[in-house]
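Have a look at the structure below, then the notes.
The values are calculated or read from the model by the stated rules, or taken from the named source; none is laboratory data. Keep in mind that this is a model prediction, so the values were computed, not measured. Cβ placement follows ideal geometry from the backbone for every residue including glycine, while neighbour counts extend to all protein chains displayed. Ligands, DNA and RNA are excluded from the accessible area calculation, which covers all protein heavy atoms including side chains. Shrake-Rupley method; radii C 1.70, N 1.55, O 1.52, S 1.80 Å.
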Amino acid sequence: MTTLTDPPKESFRLSMLLYDTRYRSTTIQVVALLGFMLGAAWLINNVIVNLAVAGKTFDYGFLKESSGYDINQKLIAYNSQSSHMRAAVVGLMNTLLVAVMGCIAATIIGVIIGVLRLSKNWVISRLAAVYVETLRNVPVLLWIVLIMAATSHQLPAPKDFRGDNPAATMKVFDSVAITNRGVYLPEPLFSRGLGDLPVFPDKESKACQAFYNPDGTPATAKLAKFCGTFQISIDLVAILAVLFAGLITSKLIKTRADQIQKDTGIRPVTWYSRLAVVFLPTLVVLYILGFYLGYPELKGFNFKGGIHMRSSLLALWVALSLYTAAFIAEIVRAGIMAISKGQSEAAAALGLRQNRIMSLVVLPQALRVIVPPLISQYLNLTKNSSLAIAVGYMDITGTLGGITLNQTGRELETVLLLMLVYLIISLTVSSVMNYYNERTKLKER
């Protein structure tokens, strides 16, 4: 009678780390990690040695020093006596402003051009193709400079708006002035506003003076040390809070309507209630705050009041939007073409018109193809905004990575901080769009 036994297990040998598939992948990963750590250690040691030779230290204390330069386009209070930190915040807000505006405009233009490229009308499709091929095959820097030159030389000067028979007039019920120095728009104001919340008040502001004694010594040290950064408008916070609450309530109404439709097969009419919960509370808050518009007026040699969008901002925004829209148009076209023609034919057989087929059948399915490469275009637009210095628009590259770097000589600190800012922006955009992609993609078994 024979007895079956398991074969003896092979003892571990060092050669198995390379020749045994059970250990090879782990070995390669460990070696790669050690190589990366050794390379990082060498770089850090090299930086420390070079800083010691140059007699420098790694310190961000310069951010508290006075900047000594002005910024033409700013969203918060700033002057030449403000700190380098405040200048960096102003530059960051300028970067985010042009990035958000550019992404919105590029998406709208890109979707329209991408759909027009598939038009059955030969002239329309060829014109859309000319737009795409012309815009995307010329460097974006040239478009920025070209648009800046066009706006500076072709648009009327403020003096052309003066006189009984002026050469130029304001647009949109005399509320918008388009000049070679930029565009002046109505400014939202509040006659009964709640003021500003001095979270990080400016050293020159009245809010910050409350943290100091008459002799100039800090009265509240923990708060006074933050002076030189920014304030938060309570009016804006109140409006956004009410608007956000209205959007959440509108979402809940929609969810309830979906459940009723699922249970009974009948969908209640909810569009009026959803609009009401969003807009009515917001309008009430605006009325309580005394909302009104402040119009720009020609005083002296220039317009005063209103929102001033400088020519540099407009040139950068338009150029980045048109350039990125050319790439988005091709992404949209490819996404639509990826959908089977049978989907459109089936929708047409049900009696749907072409515009309804595109909005209800084709585009929702094409989103799973469009969104992933669309993320890259948003990131490219944000990073291309660093070309703003070419037309004098002071973004974070022009402030922190430009004037601040040259004045302080802290090239390592400023460059590392600049890289960190762009990394955080890129990761945030990527995370938001990936979340949207997960929510919109088709659910498969």
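In summary, residue 89 fulfils each of the numbered conditions (1) farther than 19 Å from residue 387 by Cβ; (2) touching an Asp or Glu at 6+ places or on another chain (Cβ under 6 Å); (3) in contact (Cβ under 8 Å) with a residue 40 or more places away in the chain with the single exception of condition (2).
Of all the criteria given as (1) aromatic (Phe, Trp, Tyr); (2) over 25 Å from residue 100 (Cβ atoms); (3) under 27 Å from the mean Cα position of the chain (by Cα), the one not satisfied by residue 323 is (2). The residue of the range 336-346 that is farthest from residue 146 (Cα to Cα), among those that are in contact with a helix residue (DSSP H, G or I) (Cβ under 7 Å, 6 or more places away or on another chain) and in a helix (DSSP H, G or I), is 343.
Among the residues of the range 325-342, those that are farther than 17 Å from residue 379 by Cβ and hydrophobic (A, V, I, L, M, F, W, C) comprise 329, 332, 334, 336, 337, 338, 339.
Residue count for the range 179-196 satisfying the condition of being within 20 Å of residue 390 (Cα to Cα), part of a loop (DSSP other than H, G, I, E, B) and open to solvent by less than 50 Å² (accessible area, probe 1.4 Å): 1.
Consider residue 32 carefully, then state whether it is aliphatic (A, V, I, L, M), at pLDDT below 80 and either open to solvent by less than 60 Å² (accessible area, probe 1.4 Å) or over 30 Å from residue 93 (Cβ atoms) (or both). It is false that residue 32 is aliphatic (A, V, I, L, M), at pLDDT below 80 and either open to solvent by less than 60 Å² (accessible area, probe 1.4 Å) or over 30 Å from residue 93 (Cβ atoms) (or both).
Condition check ((1) buried (at least 18 other Cβ atoms within 10 Å of the Cβ); (2) at pLDDT below 85; (3) not in a loop (DSSP other than H, G, I, E, B)) across all residues:
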site	(1), (2), (3)
146	no, no, yes
151	yes, no, yes
163	no, yes, no
168	no, yes, no
173	no, yes, no
177	yes, no, yes
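Each residue in the range 140-197 was checked for being without any contact (Cβ under 8 Å) to a residue 40 or more places away in the chain and in contact with a Gly (Cβ under 8 Å, 6 or more places away or on another chain), and 0 pass. Of the strands (runs of 3 or more DSSP E) entirely within the range 296-335, those holding at least 3 residues that are touching a residue at least 12 places away in the same chain (Cβ under 8 Å) occupy 307-310.
Among the conditions (1) surrounded by 14 or more Cβ atoms within 10 Å (Cβ to Cβ); (2) modelled with pLDDT of 90 or more, residue 236 misses just one, which is (2).
Quick grid of which residues meet (1) in a loop (DSSP other than H, G, I, E, B); (2) of a type in the set (Ser, Thr, Tyr); (3) modelled with pLDDT of 85 or more; (4) more than 14 Å from residue 404 (Cα to Cα):
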position: 53; (1), (2), (3), (4): no, no, no, yes
position: 57; (1), (2), (3), (4): yes, yes, no, yes
position: 70; (1), (2), (3), (4): yes, no, yes, no
position: 73; (1), (2), (3), (4): yes, no, no, yes
position: 77; (1), (2), (3), (4): yes, no, no, yes
position: 80; (1), (2), (3), (4): yes, yes, no, no
position: 85; (1), (2), (3), (4): no, no, yes, no
position: 90; (1), (2), (3), (4): no, no, yes, no
position: 93; (1), (2), (3), (4): no, no, yes, yes
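Selection of the range 106-137 for residues being of a type in the set (A, V, I, L, M), out of contact with any helix residue (DSSP H, G or I) (no Cβ under 7 Å at 6 or more places or on another chain) and open to solvent by 50 Å² or more (accessible area, probe 1.4 Å) yields 108, 112, 123, 127, 130.
Collect the residues in the range 343-355 that are more than 38 Å from the chain's Cα centre (by Cα) and over 17 Å from residue 120 (Cα atoms), keeping them in residue-number order.
Step one: of the range 343-355, the residues more than 38 Å from the chain's Cα centre (by Cα) are 345-346, 348-351.
Across the range 343-355, the qualifying residues are 346, 349, 350, 351.
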